[in-house]
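Below is one structure, written out as structure tokens; the observations come after it.
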Number of protein chains: 2
Amino acid sequence: MKQVNIGLLGLGNIGTGTYKALEMNREHIERTTGLNLQITKILEIDTEKDRGIFVEPAKFTQDPEEVFADPGIRIVIELLGGVEPATGFMVKAMQAGKHVVTANKAALAENYEILTGAAREHGVSLRFEASVGGGIPLIAAITQSLAANEFTELQGILNGTTNYILTKMQTQGASYGDVLAEAQAKGFAEADPTADVCGHDVANKLSILLSLVFGERVKPGDIPTTGITDITKEDIEEAASQGCVIKLLASASRTPDGLVYFVQPSWVNKDHPLARVNNEFNALFLKGNAVDDLTMVGKGAGPLPTASAVLGDVIEIAKGV
Amino acid sequence: MKQVNIGLLGLGNIGTGTYKALEMNREHIERTTGLNLQITKILEIDTEKDRGIFVEPAKFTQDPEEVFADPGIRIVIELLGGVEPATGFMVKAMQAGKHVVTANKAALAENYEILTGAAREHGVSLRFEASVGGGIPLIAAITQSLAANEFTELQGILNGTTNYILTKMQTQGASYGDVLAEAQAKGFAEADPTADVCGHDVANKLSILLSLVFGERVKPGDIPTTGITDITKEDIEEAASQGCVIKLLASASRTPDGLVYFVQPSWVNKDHPLARVNNEFNALFLKGNAVDDLTMVGKGAGPLPTASAVLGDVIEIAKGV
């Protein structure tokens, strides 16, 4: 059994889910991979909160340097979210020779070159399966299994909150405002839903995918982005009358005029693989010149699906250390 | 640029597709991976056939030992199909220190321990993404990205010929015999369709998945298997009247009585992610205890989609040699 020690930055929703999933499936992971994964240090201010997990108090630290300076830690999981201080922390971890796993789409979309450059410079792995599509293993598919393809088209439903709202508007004939209020009451939408409903969250994810799928670096602020705030019941009825549903799509395609990309509410024909991706589910549709059409559908958010992706990355790295 | 030499066993449909896909995307692969992949020897009796590709005559050999003994060859791609001589050739290649990539579900299903054991013993990689689901990157997903999950359920549409026949029976109200004859005329079904329509092809694939998803080794002959030959128009109409479609499913689930698995035509509710997987498309639905529901849909056969999976495996191995 090979023990690999891990530093965890952030014990919020996703951090707690990752801790839980690791404990829940510890025996399975040990038996199938021979890896004993141990989270030995956790950067977190709130040490008192009841998260439904037992964490030895000695694991907590409020000093990130303690994580970077710990020679026993081989992998740092960054789950703070936001561009800073997360980017700086990831770079420092890589400078210290640690491999990094992150779910942080905002930091990656904004600082893709800095982060991938630091990984190359310091000879460490930087993995971020959880940053786009939550538990759906789409980044590994694009970068590894499908590496022999040139891609011509990408369409994604990459935000669960907006897909939930659009689905309910469609199935219940309800207005945007009513469904948003219901989603907030149920905890499916944030108190401040701007990043989701205005499409910024999806633009971050599309920015990452443009680098991976098409090798083109586009900052999220340079992606034409329209959210769902202006979608009305009537828009949805009109689409339905033409055999379509409205989905907030991240879209990119190679055209004779170059790569065209945007985030916007779009009519999707009922026969398209993305048309039936409802509620909080996410999906990615890809067209490659060898594999042809490929669709992956799964949970794009939530503590355990995200933890599945984070731990998959951790296991891949841990096998090699 | 790192050159990696490859020996190819078999230049049939899939072998030719792999050769074509590599030439078609050579520049892309070189630019994105830094790998110069060269097929330097091809085991093939028929050197005269017009395959629409140019192969230097000197690459052909009729002696497999020439491939295994070539010290320049690091990876052997096995695309002969069938249990033997393919199994023996793969073992010999691994004994000679070559990594092996195969699309051969029959050999893997029958000789899983022998083949994976040989890879372990000789310290080489054995990859077989193309053996189940063609271009759909499901094996990498199960073994890598989703490695932190315990799975409770698996359902797959894993044979394009039977899914095409069932789809046409459903959409055209046609009989099994009529659709089969049409599919054979169009080249979608083999002259002898037994392995497909009787479910043996799917049983081979389910056998491989049972090892990977549930860690249980079951030979294909021990999987309860029913094909689609007895499905009538009336069966399909009856299912439709209850809001269901009939699909040939590979199915496995953990139950209080242990792992239950079978291959059989099954009613699938129209709201299930597999219900709309039509024609020649394949799909896999998985339920993991962290990732929850995950569905992958794509082309399960055909020269280029299969080549996508074969070359994805080759690239992963070539990165490490």
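Remarks
- Of all residues in the range A:9-20 being in a helix (DSSP H, G or I) and in contact with a Pro (Cβ under 8 Å, 6 or more places away or on another chain), the one that is surrounded by the fewest Cβ atoms within 10 Å (Cβ to Cβ): A:N13
- Subset tally (residues that are more than 8 Å from chain B (Cβ to nearest Cβ), within 20 Å of the chain's Cα centre (by Cα) and crowded, with 22+ Cβ neighbours inside 10 Å) for the range A:135-156: 6
- The residue that is farthest from the chain's Cα centre (by Cα), among those in the range A:25-43 that are more than 19 Å from A:M90 (Cβ to Cβ) and not in a helix (DSSP H, G or I), is A:G34.
- Qualifying position, being at positive phi and modelled with pLDDT of 95 or more, among A:G199, A:G227, A:G173, A:G221: A:G199
- Positions within the range B:140-187 being out of contact with any Gly (no Cβ under 8 Å at 6 or more places or on another chain), within 30 Å of A:R127 (Cα to Cα) and assigned to a helix (DSSP H, G or I), in sequence order: B:A141, B:I142, B:T143
- As a summary of the residue check, B:V260 satisfies the conditions (1) at the interface with another protein chain (Cβ under 9 Å from one of its Cβ atoms); (2) free of Cβ contacts under 8 Å to residues at least 12 places away in the same chain; (3) not in a loop (DSSP other than H, G, I, E, B) except for the one numbered (1).
Listed here are the residues, each with its yes/no results for (1) facing chain B (nearest Cβ under 9 Å); (2) assigned to a strand (DSSP E or B); (3) surrounded by 21 or more Cβ atoms within 10 Å (Cβ to Cβ).
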| residue | (1), (2), (3) |
| --- | --- |
| A:H272 | no, no, no |
| A:A290 | yes, no, yes |
| A:T295 | yes, yes, yes |
| A:G298 | yes, yes, yes |
| A:A309 | yes, no, yes |
| A:V314 | yes, no, yes |
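- Residue selected from the range B:104-126 under the condition surrounded by fewer than 24 Cβ atoms within 10 Å (Cβ to Cβ) and touching a strand residue (DSSP E or B) at 6+ places or on another chain (Cβ under 8 Å), by the criterion farthest from A:G288 (Cα to Cα): B:A118
- Condition broken by A:G34, with the remaining ones in (1) touching a residue at least 60 places away in the same chain (Cβ under 8 Å); (2) within 14 Å of chain B (Cβ to nearest Cβ); (3) surrounded by fewer than 23 Cβ atoms within 10 Å (Cβ to Cβ) satisfied: (1)
- Checking the stated criteria, B:V245 turns out to be touching a residue at least 40 places away in the same chain (Cβ under 8 Å) and surrounded by 21 or more Cβ atoms within 10 Å (Cβ to Cβ).
- Here B:I6 passes the criteria (1) away from chain A (no Cβ under 14 Å); (2) buried (at least 20 other Cβ atoms within 10 Å of the Cβ); (3) not polar (S, T, N, Q) except the one numbered (1).
The values are calculated or read from the model by the stated rules, or taken from the named source; none is laboratory data. A quick note: this is a predicted structure, and the numbers were derived from the prediction, not measured. Note that we place each Cβ from the backbone using ideal geometry, even for glycine, and neighbour counts take in every protein chain shown.
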